[in-house]
C-alpha cells in the first residue's frame, strides 16, 4: 500500500523556509541535513518563541502543522530515535510534541488517520 501525503498549506501562514528539496530517500532535506534543521529550529526559537509549552492543550503535538504520519516518522527515524518528534510543516524542522510556538494552529497532529485509502487528506 502506498500512502501519498499532501499538506494543504493554503490556510497556514507562509513562514520559514519551504521544503524546496527532497533527498534521494524521499525525505525533506530539513530532516536529513541537520545543519538545515538546526537553522530552521533556531529561526523558530528566535522568531516564533519555540519553547517548552506552559499550556498542555497548546503543544506541537496538538498543532495542525505537526506531522507524525508514518512516512514522516520513517524519515525522522533515519536521524533520531526520539518518537516524540514530528516535523513542523510550517517552520520546516523536527520539533518535540511537548513544545509550542506562536504559530500553533488547532487541529493536529497530522497522522495516517488524516488520509483516505488513496492518500488524500480527509
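The values are calculated or read from the model by the stated rules, or taken from the named source; none is laboratory data. Because the structure is predicted, anything quoted here is derived from the model rather than measured. No Cβ is skipped: glycine too gets one built from the backbone with ideal geometry, and neighbour counts run over all protein chains shown.
A few comments on the model shown:
- Within the range 55-72, the set of residues being surrounded by fewer than 17 Cβ atoms within 10 Å (Cβ to Cβ) and touching a strand residue (DSSP E or B) at 6+ places or on another chain (Cβ under 8 Å) comprises 55, 58.
- Hey, residue 101 buried (at least 16 other Cβ atoms within 10 Å of the Cβ), farther than 17 Å from residue 26 by Cβ, at pLDDT 95 or above and in contact with a strand residue (DSSP E or B) (Cβ under 6 Å, 6 or more places away or on another chain) or not: no
- Residue within the range 13-24 that is modelled with pLDDT of 95 or more, more than 12 Å from the chain's Cα centre (by Cα), surrounded by fewer than 20 Cβ atoms within 10 Å (Cβ to Cβ) and under 19 Å from residue 105 (Cβ atoms) present: no
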